[in-house]
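First comes the structure, then the notes that go with it.
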Amino acid sequence: NSLETDLYTPLPKPEAKERMGLGKDRMTLLFGGEDGNEKRKGFQELMAAIRYCLQDPGFQELTAAGKLSLICFGHPNDEIASLGIPVDPLGYLDSEEKIRDAYAAADIFVLPSLEDNLPNTVLEAMSCGTPVVAFETGGIPEMVRNGVTGQLVPVGDSEKLGRALLALIFNPEKRDAMGEDGRKQIEADYPLQ
């Protein structure tokens, strides 16, 4: 697999967030929300991970202050509104530039898939300098270097998914380093040429 690394590029997070109409100081977690009923996409596991995060006082404080939100490709299942966290559905993005802006605006890309092959979403997020938190399944461990370009957790372990999210939410230096290392890996291993 490969992608256009000259299109999927990192942007300064505040600039990308402004382009997407998000608060430039808000922590954003990006996920795909097209079909919450598709079991293998791990929507229920993502919900459980967010519920786990909501037990953390620091996470509660961020959400109460409006400094954290979920952003998602597509339209998420209505069930996500029950979590009490702001959700910004991006709907269908009609250009690769808008897709790039979404990845670049995200502080963390979350992929809760229980089964997957070699998802382009991981490549695109990493190419835009956004660390990935995902289950260790299919081809994902071939792309994400655990602890270097993102965090991998055992398949279906929502608590560990939540812990991985919390660890990165509260460590901006680690997020930045993972984003930079992810971009370098994409430039080395996945350019279109």
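Summarising the amide proton neighbourhood of L68: residues at separation of 5 or more, or on other chains, whose placed amide H is nearer than 5 Å comprise M27.
With a 1.4 Å probe and every protein chain kept in, tell me what percent of the accessible surface of the chain is carbon plus sulfur. Here carbon and sulfur together make up 46 percent of the probe-accessible area.
Taking P(r) over Cα pairs in 5 Å bins from 0, in percent as the quantity of interest, determine which of (i) 1, 6, 12, 13, 12, 9, 9, 9, 8, 7, 6, 4, 3, 1, 0; (ii) 1, 9, 14, 15, 14, 14, 11, 9, 6, 4, 2, 1, 0, 0; (iii) 1, 9, 18, 23, 23, 17, 7, 2, 0, 0 was computed from the displayed structure. Correct label is (iii). Over the chain, dividing the summed -39,500 (n - 2.57) contributions of all DSSP H runs of at least 4 residues by the number of residues returns a 222 nm mean residue ellipticity of -12000 deg cm²/dmol. Accessible surface calculations at 1.4 Å, restricted to protein heavy atoms, place segment 1-135 at 43 Å² per residue. Close amide H partners of I108, meaning residues 5 or more places away or on another chain with modelled amide H under 5 Å apart, are T28, L30. Restricting attention to the chain, close to 5% of DSSP beta bridges with both partner residues there are antiparallel.
How much length is gained on full extension from E18 to E38, taking 0.36 nm per residue of separation minus their Cα-Cα distance?
On the way: separation 20, 0.36 × 20 = 7.20 nm, distance 3.16 nm.
Gain in length upon complete extension: 4.0 nm.
Each label point was placed 7 Å from the Cα along the Cα-to-Cβ direction; for K98 and D78 their separation is 2.5 nm. Report the residue, chosen from P76, P172, P112, that carries the largest GNM mean-square fluctuation when the chain is represented by alpha-carbon nodes joined by springs under 10 Å. Between P76, P172, P112, it is P172 that shows the largest mean-square fluctuation.
The values are calculated or read from the model by the stated rules, or taken from the named source; none is laboratory data. None of the values given here were measured: they were computed from a predicted structure. As a convention, Cβ positions derive from the backbone with ideal geometry for all residues, glycine included, and neighbour counts pool all protein chains shown. The protein model used for the area step is the full one, side chains on, heavy atoms only, and it has no ligands, DNA or RNA in it. Shrake-Rupley method; radii C 1.70, N 1.55, O 1.52, S 1.80 Å.
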